[in-house]
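**Q** Just passing along the structure, written as structure tokens.
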Amino acid sequence: MNAYKFFLEFHSGFRYIVVLLVLAAIFTAFAGLLGKKPYTEGNRKLNLFALISAHTQLLIGIVLYFLSPFVRFGGGVMKDPDARYWTVEHLAMMIFAIVLITIGHSKSKKASLPSEKHRVIALFYLLAFITVVVAILQSHRPFFGMSH
């Protein structure tokens, strides 16, 4: 197994951890907001682990980007739809999603009321998740083993 194949499999498999943590953070944030629950240390840790997993996935993706046969630093990427998707569109949308998660986490740390902490996490993490789903659907590949 070469380095590209290793990082491709690692990146592909690690996405499940990221998605599960982000979804768990979204669901607990909505539950906390709608149930008027306190913002607990468990909430903080879950949100932090979701943030860390997303950033880790980005780092794995960056390594994969430079190992990828799609990356051609001499041009021609924009003419090839597959190469353009993986080198420009996928990267941009995933970075945008991670920025949303980072902003949400930062704003939740600064908020003083538990309801505000839950609201910010629910909003920003949900927007990030939607961005990731749209990016995956744009790839025209199966989504978590399901065709679309």
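**Q** Just to be sure before I move on: is ALA54 under 12 Å from the mean Cα position of the chain (by Cα), in contact (Cβ under 8 Å) with a residue 60 or more places away in the chain and surrounded by 17 or more Cβ atoms within 10 Å (Cβ to Cβ) in the structure I sent?
**A** Considered against the rule, which asks whether it is under 12 Å from the mean Cα position of the chain (by Cα), in contact (Cβ under 8 Å) with a residue 60 or more places away in the chain and surrounded by 17 or more Cβ atoms within 10 Å (Cβ to Cβ), ALA54 comes out as yes.
**Q** Mind listing just one residue for me: the one in region 112-147 that is over 17 Å from the mean Cα position of the chain (by Cα) and modelled with pLDDT of 85 or more and, of those, surrounded by the fewest Cβ atoms within 10 Å (Cβ to Cβ)?
**A** Among those that are over 17 Å from the mean Cα position of the chain (by Cα) and modelled with pLDDT of 85 or more, it is SER112.
**Q** In this structure, is LEU100 closer than 18 Å to PHE129 by Cα, out of contact with any strand residue (DSSP E or B) (no Cβ under 8 Å at 6 or more places or on another chain) and surrounded by 17 or more Cβ atoms within 10 Å (Cβ to Cβ)? Walk me through how you get there before you give the answer.
**A** Numbers: closer than 18 Å to PHE129 by Cα: yes; out of contact with any strand residue (DSSP E or B) (no Cβ under 8 Å at 6 or more places or on another chain): yes; surrounded by 17 or more Cβ atoms within 10 Å (Cβ to Cβ): yes.
Spelling it out, LEU100 is indeed closer than 18 Å to PHE129 by Cα, out of contact with any strand residue (DSSP E or B) (no Cβ under 8 Å at 6 or more places or on another chain) and surrounded by 17 or more Cβ atoms within 10 Å (Cβ to Cβ).
**Q** Among the residues of region 58-74, is any surrounded by 14 or more Cβ atoms within 10 Å (Cβ to Cβ), at pLDDT 95 or above, closer than 30 Å to GLU116 by Cα and out of contact with any Pro (no Cβ under 9 Å at 6 or more places or on another chain)?
**A** There is at least one residue in region 58-74 that is surrounded by 14 or more Cβ atoms within 10 Å (Cβ to Cβ), at pLDDT 95 or above, closer than 30 Å to GLU116 by Cα and out of contact with any Pro (no Cβ under 9 Å at 6 or more places or on another chain).
**Q** I'm trying to understand the selection: among the residues of region 11-23, which are surrounded by 15 or more Cβ atoms within 10 Å (Cβ to Cβ) and out of contact with any helix residue (DSSP H, G or I) (no Cβ under 6 Å at 6 or more places or on another chain)?
**A** ARG15, VAL19, listed by residue number.
**Q** Additional query: Which of the numbered conditions does LYS36 fail, given that it passes all the others? Conditions: (1) surrounded by 15 or more Cβ atoms within 10 Å (Cβ to Cβ); (2) touching a Ser or Thr at 6+ places or on another chain (Cβ under 8 Å); (3) not aromatic (Phe, Trp, Tyr).
**A** Here LYS36 meets the rest and fails (1).
**Q** Then there's this: Considering each residue of region 69-121, count those that are over 30 Å from PHE49 (Cα atoms) and either out of contact with any helix residue (DSSP H, G or I) (no Cβ under 8 Å at 6 or more places or on another chain) or of a type in the set (A, V, I, L, M) (or both), and give that number.
**A** Within region 69-121, the subset over 30 Å from PHE49 (Cα atoms) is 69-84.
Remaining after also requiring either out of contact with any helix residue (DSSP H, G or I) (no Cβ under 8 Å at 6 or more places or on another chain) or of a type in the set (A, V, I, L, M) (or both): 71, 73-75, 77-84.
Matching residues across region 69-121 total 12.
**Q** For region 77-97, which positions are buried (at least 16 other Cβ atoms within 10 Å of the Cβ) and over 17 Å from the mean Cα position of the chain (by Cα)?
**A** VAL77, ALA83
**Q** Would you check if there is a residue in region 54-63 being over 22 Å from ASN2 (Cβ atoms) and touching a Lys or Arg at 6+ places or on another chain (Cβ under 8 Å)?
**A** Looking for residues that are over 22 Å from ASN2 (Cβ atoms) and touching a Lys or Arg at 6+ places or on another chain (Cβ under 8 Å), one finds none in region 54-63, hence no.
The values are calculated or read from the model by the stated rules, or taken from the named source; none is laboratory data. Note that the structure is a prediction, hence the values are computed from the model and not measured. In this analysis, Cβ positions are derived from the backbone assuming ideal geometry, glycine residues included, and neighbour counts consider all displayed protein chains.
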